[in-house]
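Presented below is the structure to which this report refers.
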Amino acid sequence: MDVAEKALALFLSLAILGQAYVVRRIVGTWVFPACLFGLFWFGYTFFPLAIMYWVPVEPYSIAFIFVCALAFSIGFLAFDWKSAFESNSTKQETVVMIYGNPFLKIIFYAFTLGSLAFLVINSLAQDITLYDLIFDMFVSSATYAERRSSESVNVNIFGQLSLVLAYAGVSVGGFIYSSARGKLEQGLILVPAFLPSIFVTVTQSAKGLLFLCIFLFYGSILIYRVSAGNLRLFERGSIRSLMIYVAILLPIVTISFMSRGLYESEDADFVIGRLLAYFASYSSGHIYAFSDWFAFMMGGRSEVEYGHEAATYGFYTFMAVFKLMGSDKIVPQGVFDQYYVYGDYLATNIFTMFRGLILDFGFIGATLFMLATGLLLHLTFYAMLTNRRPTLTVAAFVFMMGYFYTSFIISVLIWNSIYISFFLLWIVLEINKLKIRMKKQN
């Protein structure tokens, strides 16, 4: 490992945080698109680089991410944020009525139960019995993982509907959780909100849904806070709550990893070693894989021979749209079939959304794409603050959090379920708005 290169990469990671901090100083809050994107990518770069200090990295790859973060942040300069936040402050008295009413509670429980029901039907379609789902999750999880790796999953409408309802349900759950009073009422919302994603984690050995749902849920919480005039990213006692949630998450994720055949092993050292490798790869592999691919694209030394691909003009960023329009381009289960491997702990085919952006639009085009995305998301945030009863922009903010989270893997816009969930949430919020208006007229 070149120490100077690792030090430069860490400095550039800090620069990603630094530019977000500058924006925060100007607008006065971290709950802001440019700040949130900077925080995500500071975390996605700094901690893997620092913790896995012995793994080499191409600093130019981190420089490119810094430039993209900077391009994204520039969009905030187009709007008058002082007046926007002043306009938002007049909505505080109506926030509970909007986001904590019985209609949204009914929708939340209906979506959650519907998602769970469709998940069970989908499991049965994979020849997984109810007995295994209830009493032997390791078997059901291993079966599903094997089907996924061999690309023999029986794709059906129930599996797709379960994801749509899980995304929309957890988003609505964040609204009513924020308006709940007391720990018991919050628990009766928090537990059901994550049941579908936990079900997938422990019975399908898939963790993406769980973590995406966490950030959709948190996005809804932030919407509630902003609408109530609370611009803090975290509340008092958040660290304690976070530790509790991490303590709950770790066993769930560990069960998912154990289902990959580890539960059959009696060699404790082997199991611990594999678990450490899984955790390291899933938490840190993305930035080293992207760095390796970036080095190859720049003509430098790389661990993997990737091969060159013709321009894809947006396919890897908007795959669902291209498929809808009839694209017959064949994509592996994990989008990219190359695996970056380094030592005993890193093995991944996750290359971040930036690989897709570069393949789609080139280096300059990817930067311009981030500039345009920043302008669009800051515009929607501005409209959300200034609109008395926002709906479309509220849904956009919630799924923006999912977009930011998923960016360490791939563009969230490659999945058609995301588009449907977004429109479903928007429709629910519109109906909610109409019902409130009718109630006030009566």
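Out of all the residues in the stretch 83-116, which are open to solvent by less than 50 Å² (accessible area, probe 1.4 Å), over 15 Å from Asn432 (Cα atoms) and not aromatic (Phe, Trp, Tyr)?
Correct list: Ser83, Ala84, Ser87, Asn88, Lys91, Thr112, Gly114, Ser115, Leu116.
With Val253, Val226 as the choices, which residue is at pLDDT 85 or above, within 24 Å of Thr201 (Cβ to Cβ) and of a type outside the set (Ser, Thr, Tyr)?
The match here is Val253.
Let's see how each residue does on (1) open to solvent by 20 Å² or more (accessible area, probe 1.4 Å); (2) out of contact with any helix residue (DSSP H, G or I) (no Cβ under 8 Å at 6 or more places or on another chain):
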position	(1), (2)
Thr380	yes, no
Thr386	yes, no
Leu429	no, no
Met438	yes, yes
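If we scan the stretch 70-79, do we find a residue that is over 30 Å from Val304 (Cβ atoms), of a type in the set (Gly, Ala, Ser) and open to solvent by 10 Å² or more (accessible area, probe 1.4 Å)?
From the stretch 70-79, those over 30 Å from Val304 (Cβ atoms) are 73-79; that's our starting set.
Adding the requirement that they be of a type in the set (Gly, Ala, Ser) leaves 73, 75, 78.
Now drop any that are not open to solvent by 10 Å² or more (accessible area, probe 1.4 Å), which leaves 78.
For the stretch 70-79, residues over 30 Å from Val304 (Cβ atoms), of a type in the set (Gly, Ala, Ser) and open to solvent by 10 Å² or more (accessible area, probe 1.4 Å): present.
Can you name every residue in the stretch 213-225 that is in contact with a Phe, Trp or Tyr (Cβ under 7 Å, 6 or more places away or on another chain) and either within 15 Å of Tyr245 (Cα to Cα) or charged (D, E, K, R) (or both)?
Within the stretch 213-225, Cys213, Phe215 qualify.
On the given criteria, is Ala280 within 27 Å of the chain's Cα centre (by Cα), assigned to a helix (DSSP H, G or I) and touching a residue at least 40 places away in the same chain (Cβ under 8 Å)?
Numbers: within 27 Å of the chain's Cα centre (by Cα): yes; assigned to a helix (DSSP H, G or I): yes; touching a residue at least 40 places away in the same chain (Cβ under 8 Å): yes.
Yes, satisfied.
Given the criteria of a type outside the set (A, V, I, L, M, F, W, C), modelled with pLDDT of 95 or more, farther than 21 Å from Ala34 by Cβ and surrounded by fewer than 18 Cβ atoms within 10 Å (Cβ to Cβ), does Tyr419 qualify? Talk me through it step by step, then tell me what you get.
Values: of a type outside the set (A, V, I, L, M, F, W, C): yes; modelled with pLDDT of 95 or more: yes; farther than 21 Å from Ala34 by Cβ: yes; surrounded by fewer than 18 Cβ atoms within 10 Å (Cβ to Cβ): yes.
It is true that Tyr419 is of a type outside the set (A, V, I, L, M, F, W, C), modelled with pLDDT of 95 or more, farther than 21 Å from Ala34 by Cβ and surrounded by fewer than 18 Cβ atoms within 10 Å (Cβ to Cβ).
Just one of the numbered conditions (1) closer than 21 Å to Phe199 by Cα; (2) free of Cβ contacts under 8 Å to residues at least 24 places away in the same chain is not true of Val253; which one?
Condition (2) is where Val253 drops out.
So which residues in the stretch 1-60 are assigned to a loop (DSSP other than H, G, I, E, B), open to solvent by 30 Å² or more (accessible area, probe 1.4 Å) and of a type outside the set (A, V, I, L, M, F, W, C)? Give the steps one after another, and end with the answer.
Start the filter on the stretch 1-60 by keeping residues that are assigned to a loop (DSSP other than H, G, I, E, B), which leaves 1-2, 28-32, 52-58.
Narrowing further to those that are open to solvent by 30 Å² or more (accessible area, probe 1.4 Å): 1-2, 28, 30, 53-54, 56, 58.
The answer is Asp2, Gly28, Tyr53, Pro56, Glu58.
Filter the stretch 256-277 down to residues that are over 14 Å from Val139 (Cβ atoms), more than 23 Å from the chain's Cα centre (by Cα) and not small (Gly, Ala, Ser) and give me whichever is modelled with the highest pLDDT.
Ile272
Exactly one condition in (1) more than 30 Å from Thr386 (Cβ to Cβ); (2) in contact with a helix residue (DSSP H, G or I) (Cβ under 7 Å, 6 or more places away or on another chain); (3) touching a residue at least 40 places away in the same chain (Cβ under 8 Å); (4) open to solvent by less than 30 Å² (accessible area, probe 1.4 Å) is not met by Ser227; state its number.
(1)
Output the number of residues of the stretch 302-331 satisfying the condition of being free of Cβ contacts under 8 Å to residues at least 24 places away in the same chain and on the phi < 0 side of the Ramachandran plot. If you could, list the steps in order and put the result at the bottom.
Within the stretch 302-331, the first condition is being free of Cβ contacts under 8 Å to residues at least 24 places away in the same chain, and the residues that meet it are 302, 305, 307-308, 310, 322, 325-331.
From the residues that got through so far, the ones that are on the phi < 0 side of the Ramachandran plot too are 302, 305, 308, 310, 322, 325, 327-331.
The total comes to 11.
Suppose we keep only residues that are within 24 Å of Gly208 (Cα to Cα) and of a type in the set (A, V, I, L, M) within the stretch 230-244. Which one would you say is surrounded by the most Cβ atoms within 10 Å (Cβ to Cβ)? Reasoning before the result, please.
Taking the stretch 230-244 first, the residues within 24 Å of Gly208 (Cα to Cα) are 233-234, 238-239, 241-244.
The next check asks that each one be of a type in the set (A, V, I, L, M); those that pass are 233, 239, 242-244.
On the way: Leu233: 17, Ile239: 9, Leu242: 11, Met243: 10, Ile244: 10.
This residue is Leu233.
Run down Ala206, Ala247 and say which single residue is open to solvent by 20 Å² or more (accessible area, probe 1.4 Å), in a loop (DSSP other than H, G, I, E, B) and on the phi < 0 side of the Ramachandran plot. Quick ask: steps written out before the conclusion?
Details: Ala247 fails: in a loop (DSSP other than H, G, I, E, B).
None of the other options fit; the residue is Ala206.
So Gly314 passes all but one of these: (1) assigned to a helix (DSSP H, G or I); (2) buried (at least 19 other Cβ atoms within 10 Å of the Cβ); (3) more than 19 Å from the chain's Cα centre (by Cα). Which condition number does it fail?
Of the numbered conditions (1) assigned to a helix (DSSP H, G or I); (2) buried (at least 19 other Cβ atoms within 10 Å of the Cβ); (3) more than 19 Å from the chain's Cα centre (by Cα), the odd one out for Gly314 is (1).
Name the residues in the stretch 148-188 that are free of Cβ contacts under 8 Å to residues at least 40 places away in the same chain, open to solvent by 50 Å² or more (accessible area, probe 1.4 Å) and not small (Gly, Ala, Ser), would you?
Going residue by residue through the stretch 148-188, those that are free of Cβ contacts under 8 Å to residues at least 40 places away in the same chain are 150, 152-157, 181-188.
With the extra rule that they be open to solvent by 50 Å² or more (accessible area, probe 1.4 Å), the set shrinks to 150, 152, 154-155, 157, 181, 183-185, 188.
Hits for the stretch 148-188 are Asn154, Val155, Ile157, Arg181, Lys183, Leu184, Glu185, Leu188.
Please enumerate the residues belonging to the stretch 323-353 that are open to solvent by 20 Å² or more (accessible area, probe 1.4 Å) and not in a loop (DSSP other than H, G, I, E, B).
Those that are open to solvent by 20 Å² or more (accessible area, probe 1.4 Å) and not in a loop (DSSP other than H, G, I, E, B): Lys323, Leu324, Val341, Tyr342, Ala347.
Does Ile409 meet the test of being outside any helix (DSSP H, G or I) and open to solvent by 10 Å² or more (accessible area, probe 1.4 Å)? Before you say what the answer is, go through the steps one by one.
Numbers: outside any helix (DSSP H, G or I): yes; open to solvent by 10 Å² or more (accessible area, probe 1.4 Å): yes.
When the stated conditions are applied, Ile409 passes them.
Among (1) farther than 30 Å from Thr45 by Cβ; (2) surrounded by fewer than 21 Cβ atoms within 10 Å (Cβ to Cβ); (3) at pLDDT 95 or above, which single condition is Thr367 missing?
Condition (1) is where Thr367 drops out.
Taking the stated definitions as given, is Arg232 among the basic types (Lys, Arg), at pLDDT 80 or above and not in a helix (DSSP H, G or I)?
Yes.
In this structure, is Ala320 in a helix (DSSP H, G or I), touching a helix residue (DSSP H, G or I) at 6+ places or on another chain (Cβ under 8 Å) and closer than 22 Å to Ala9 by Cβ?
Details: in a helix (DSSP H, G or I): yes; touching a helix residue (DSSP H, G or I) at 6+ places or on another chain (Cβ under 8 Å): yes; closer than 22 Å to Ala9 by Cβ: no.
No, not satisfied.
The values are calculated or read from the model by the stated rules, or taken from the named source; none is laboratory data. Because the structure is a prediction, the values reported are computed rather than measured. Positions of Cβ are generated from backbone atoms using ideal geometry, with glycine treated the same way; all protein chains shown enter the neighbour counts. Surface areas here come from the heavy atoms of the whole protein model, side chains and all, with no ligands, DNA or RNA. Shrake-Rupley method; radii C 1.70, N 1.55, O 1.52, S 1.80 Å.
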